[in-house]
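K.L.:
Got a structure here, written out as structure tokens. Questions coming.
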Amino acid sequence: MLVPIETLIDGVVRTLTDVVAPDVTTRTARGQLYAAIDVLRNLRDRVEPKAALAGEEAASAEAALAGAARALRRAGAVREATRLDGAAAAAPSGPPAERAAALRAAIAVALETIDGVEGALGESARAAIAAHLAAQAMRDVAVRKPSLLAEISRG
């Protein structure tokens, strides 16, 4: 799952301020560092998650919850299936980021619910949720930029 952009930027700003800044010795470099920190701090509350990414996650989660509920019904776990249906139905229709967050919470409810279903009865339901989580991990990784770790390690 993605880390909220605010948390990510806050961490970068904190690291630049607390760890990097004390070791920057030239006045020009310190000025550039504080300019970058200033840009990040001002950017923090202006960035929105991409709606398309949230929409894809929401659609996948919704399908997984429906599949898990169907599997639970087939296994005779009607009460558990109804709980999953209710968790999915509680998600708002928009905006996309809020819908995805609510369905992410519904996936957690599904995992807790399925955990209470004995052995093989819950396997199909678990498989539906696992498929969503695997696909979501791939969607999360697909938008990452190539690492600069080699450049970072060279200093």
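K.L.:
How many residues are in contact (Cβ under 8 Å) with a residue 40 or more places away in the chain and among the aliphatic types (A, V, I, L, M) if we restrict to region 31-51?
P.N.:
2
K.L.:
Continuing with this model, one more query. When the residues of region 41-71 are narrowed to those that are surrounded by 16 or more Cβ atoms within 10 Å (Cβ to Cβ) and modelled with pLDDT under 90, which ends up nearest to residue 4 (Cα to Cα)?
P.N.:
Residue satisfying both the conditions and the ranking: 49.
K.L.:
Select from region 21-35 the residues that are surrounded by 14 or more Cβ atoms within 10 Å (Cβ to Cβ) and hydrophobic (A, V, I, L, M, F, W, C) and write down the one among them that is farthest from residue 129 (Cα to Cα).
P.N.:
That would be 24.
K.L.:
Kindly list, by first and then second residue, each pair from a residue in region 1-30 that is under 25 Å from residue 60 (Cα atoms) to a residue that is part of a helix (DSSP H, G or I), limited to pairs with Cβ atoms under 6 Å and residues at least 6 apart or on different chains.
P.N.:
Going by the 6 Å Cβ cut-off, the qualifying pairs are 2/140; 6/44.
K.L.:
Out of 74, 44, 79, which single residue is in contact with a Ser or Thr (Cβ under 8 Å, 6 or more places away or on another chain) and not acidic (Asp, Glu)?
P.N.:
Result of the check over 74, 44, 79: 74.
K.L.:
Hey, which of the helices (runs of 4 or more DSSP H) in region 93-155, taking only ones fully inside, have at least 2 residues that are touching a residue at least 24 places away in the same chain (Cβ under 8 Å), surrounded by 14 or more Cβ atoms within 10 Å (Cβ to Cβ) and in the same structural domain as residue 83 (by TED's automatic domain parsing)?
P.N.:
Because the criterion is at least 2 residues that are touching a residue at least 24 places away in the same chain (Cβ under 8 Å), surrounded by 14 or more Cβ atoms within 10 Å (Cβ to Cβ) and in the same structural domain as residue 83 (by TED's automatic domain parsing), the helices (runs of 4 or more DSSP H) in region 93-155 that meet it are 96-115, 123-142.
K.L.:
Any residue in region 100-109 that is charged (D, E, K, R), under 18 Å from residue 4 (Cα atoms) and out of contact with any Ser or Thr (no Cβ under 6 Å at 6 or more places or on another chain)?
P.N.:
So far as region 100-109 goes, yes, one or more of its residues are charged (D, E, K, R), under 18 Å from residue 4 (Cα atoms) and out of contact with any Ser or Thr (no Cβ under 6 Å at 6 or more places or on another chain).
The values are calculated or read from the model by the stated rules, or taken from the named source; none is laboratory data. Values in this document were obtained by computation on a predicted structure and should not be read as measured data. Methodologically, a virtual Cβ is constructed for each residue, glycine included, from the backbone with ideal geometry; neighbour enumeration extends over all protein chains shown.
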